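To start, the structure itself, in structure tokens.
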Amino acid sequence: MAKPFASAGDLAEKKETLEILADGVYALTAEGDPNVGAIEGEDFLVCFEARATPAAARDWLTKLREHTDKPIKYLVLTHYHAVRVLGASAFEAEHIITSDTTRKLIEERGKQDWDSEFGRMPRLFKKPEEIPGLTWPTETFADEYTIELGGDRGTVELKFCGRGHTAGDIVAWHEKSKTLFAGDLVEAEAALYTGDAFHFDWSSTTLDTVKAYRSENLIGGRGAVAKGVEATDAAIEQTRHFLKVMIEEVGKVHKAGGSLKEAFEGTHAALSPQFGKWPIFEHCLPFDVQRVWDEFDNIDWPRIWTMERDKEVWDLLQG
Ligand SMILES: [Zn+2]
């Protein structure tokens, strides 16, 4: 039987869990669906990630509003992917912050990415007709950006750690509670999506920079919150392992003059014992392998995914 395209066959609602990790530090996880979070300033909120639609974002904000009614001053978007950003209008935030590179990627491929992700993960797009258009940052930065929270609440430091899941990912660090919002640079018990990634940078220097925070709470892009330095290290190393296995398996076939399909089969066989049952593994792997292959072909800047290219690669590798 043919596998349903990407996550198109995944229609079951996921259970959402709101956790208070420290005073005023919130994370909402959802069994492998994209995570979101918030940190309280003295008289405002900083929110992290926006979900796929305003309606999906409102579901999260309703839960957050049981704990705080402070206005949302900042919405931080770790990268440009549609399921992370298109709900932004629901936050009515004064500032929407991304990296400079994320803005460039929204300009270059925001619309194609919206169409592609809608096709891959339709369940996440609740009331898609309410999306007002692409989400644009109001402020961007190259390397670092600091938000003073006021009172004794400390700061939120945003940082570009190097190319990884995309060319422009950032992380958010709250030193006071040792909490790191790592975006899709780290996944905890969820498969990695690497279709727009830089596997060599990500698996080496970028993850080293993320690990150097010694975080005690790590909220990755998907999966449970990792708690304690041992667990956050484990989540980072598991992410690195997934990347390194892909590089090794795809590299072997590429060097031997084999085909993309052979590279996919080898990678699938190597990863599935450990990762096969994790959310979105079968969905992501064809796109992931194609991008590693492109990197071995010296295609530095990721090719743009469109609905047509999605189907082509899917049919070739999972069809
Ligand atoms: Zn992403």
- If you take all C-alpha pairs in region 198-307, what percent of them are over 18 Å apart? 54
- Task: Only Lys, Arg, Asp and Glu count, each charged at its Cβ (+1, +1, -1, -1), so figure out the dipole size of the chain about its Cα centre, rounded to 20 debye.
- Result: 500
- With everything on Cα atoms, drop me the angle between helix 54-64 and the longest principal axis of the chain, reported from 0 to 90° to the nearest 10. 50
- Query: Between 53, 200, 267, whose Cα lies farthest towards the positive end of the dipole of the chain when Lys and Arg beta carbons carry +1 and Asp and Glu beta carbons carry -1, centred on the Cα centre?
  - Reply: 267
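Among 111/227; 159/311; 3/126; 73/211; 104/126, which pairs are too far apart, with a Cα-Cα distance over 32 Å? Each step should come with its number before you reach the end.
Working: 111/227 36 Å; 159/311 35 Å; 3/126 24 Å; 73/211 28 Å; 104/126 27 Å.
Where the Cα-Cα span goes over 32 Å, the pairs concerned are 111/227; 159/311.
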- Positive-pole candidate from 90, 122, 106, dipole of region 86-164, charges at beta carbon: 122
- Note on the structure: Mean accessible area per residue over region 17-317 (1.4 angstrom probe, all protein chains present, square angstrom) is 38
- Message: Rounded to whole Å, give me the distance from the Cα center of region 92-134 to that of region 283-318.
- Response: 20
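Could you look at region 17-317 and say what percent of its accessible area is carbon and sulfur, using a 1.4 Å probe and all protein chains? Kindly include the intermediate steps, with their values, before the conclusion.
Numbers: 5680 of 11320 Å².
Answer for region 17-317: carbon and sulfur cover 50 percent of the accessible area.
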- Task: Mind pulling the angle between the C-alpha long axis of helix 260-275 and the longest principal axis of the chain? Nearest 10 degrees, somewhere in 0 to 90.
- Result: 50
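The values are calculated or read from the model by the stated rules, or taken from the named source; none is laboratory data. These numbers come from a predicted model, not from an experiment. All Cβ positions, glycine included, derive from the backbone under ideal geometry; neighbour counts span all protein chains shown. The accessibility values were calculated without ligands, DNA or RNA, using every heavy atom of the protein model including side chains. Shrake-Rupley method; radii C 1.70, N 1.55, O 1.52, S 1.80 Å.
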